[in-house]
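For reference, the structure is listed below as structure tokens.
The values are calculated or read from the model by the stated rules, or taken from the named source; none is laboratory data. Just so we're clear, the structure is a prediction, and the values are computed from it rather than from any experiment. Every residue, glycine among them, receives a Cβ derived from its backbone with ideal geometry; neighbour counts consider all protein chains shown.
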Amino acid sequence: SQELEQSPQSLIVQEGKNLTINCTSSKTLYGLYWYKQKYGEGLIFLMMLQKGGEEKSHEKITAKLDEKKQQSSLHITASQPSHAGIYLCGADGNSGAGSYQLTFGKGTKLSVIP
Amino acid sequence: DSGVTQTPKHLITATGQRVTLRCSPRSGDLSVYWYQQSLDQGLQFLIQYYNGEERAKGNILERFSAQQFPDLHSELNLSSLELGDSALYFCASNPFPEGPYEQYFGPGTRLTVT
């Protein structure tokens, strides 16, 4: 079964600083999803990446899927307190077409100090 | 707001009891997914329904069952509850039976078993 490892597990940054969260898969990634979760609340969809080398941005958050499609990174530029939360990467549980469920990493807890 | 609703928001019950969690997917979505989130296991896929039929099964215990009704809402039934069943239960929805496609998560039901 596919496993996703996120690093770091937690991160504390000063407001205005840049940061990167990594997600490494034990298998080739066919669909990689980034979600944000406020403590005890639902997951908010951020971005989905499919193709090797693909890069997507939304406001100050950029996600990239590496060429070999086994690692993704999430980069936040000029962090703000509103970026605080738990970032989760998820991947299709099966390879290729016909996959249904998502397998998630354990999450990275981000704190932004004003 | 993802458009996915879950009730109740909180549930406190005793060991050995049975509870039902309810999920209404986004308008037009035919797939419903159930996930369990606990501190030690993280976010884990339980089961998926598509248009009333079971589509995929994950780490769902035999004491748990689910169904999707003709109006597409879904219920997750948890019986013979144990302390270890205390967790956040999320449902998610999307239009398709398979990926890759993002899933939209509800706010969750927090279950506490005492």
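One table, with the values for the structure above:
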quantity: Residue satisfying condition, being touching a Pro at 6+ places or on another chain (Cβ under 7 Å) and among the β-branched types (Val, Ile, Thr), within set B:32, B:19; calculated: B:32
quantity: Flag if residue A:64 is buried (at least 17 other Cβ atoms within 10 Å of the Cβ), of a type in the set (Lys, Arg) and touching a strand residue (DSSP E or B) at 6+ places or on another chain (Cβ under 6 Å); calculated: yes
quantity: Test: residue A:56 is among the charged types (D, E, K, R) and more than 10 Å from the chain's Cα centre (by Cα); calculated: yes
quantity: Members of segment B:93-109 that are within 12 Å of the chain's Cα centre (by Cα) and either more than 8 Å from chain A (Cβ to nearest Cβ) or at pLDDT below 90 (or both); calculated: B:93, B:109
quantity: Hits in segment B:69-92 (condition: surrounded by fewer than 23 Cβ atoms within 10 Å (Cβ to Cβ) and at the interface with another protein chain (Cβ under 10 Å from one of its Cβ atoms)); calculated: B:88
quantity: Subset of segment A:23-77 (residues that are on the phi > 0 side of the Ramachandran plot and at the interface with chain B (Cβ under 9 Å from one of its Cβ atoms)); calculated: A:40
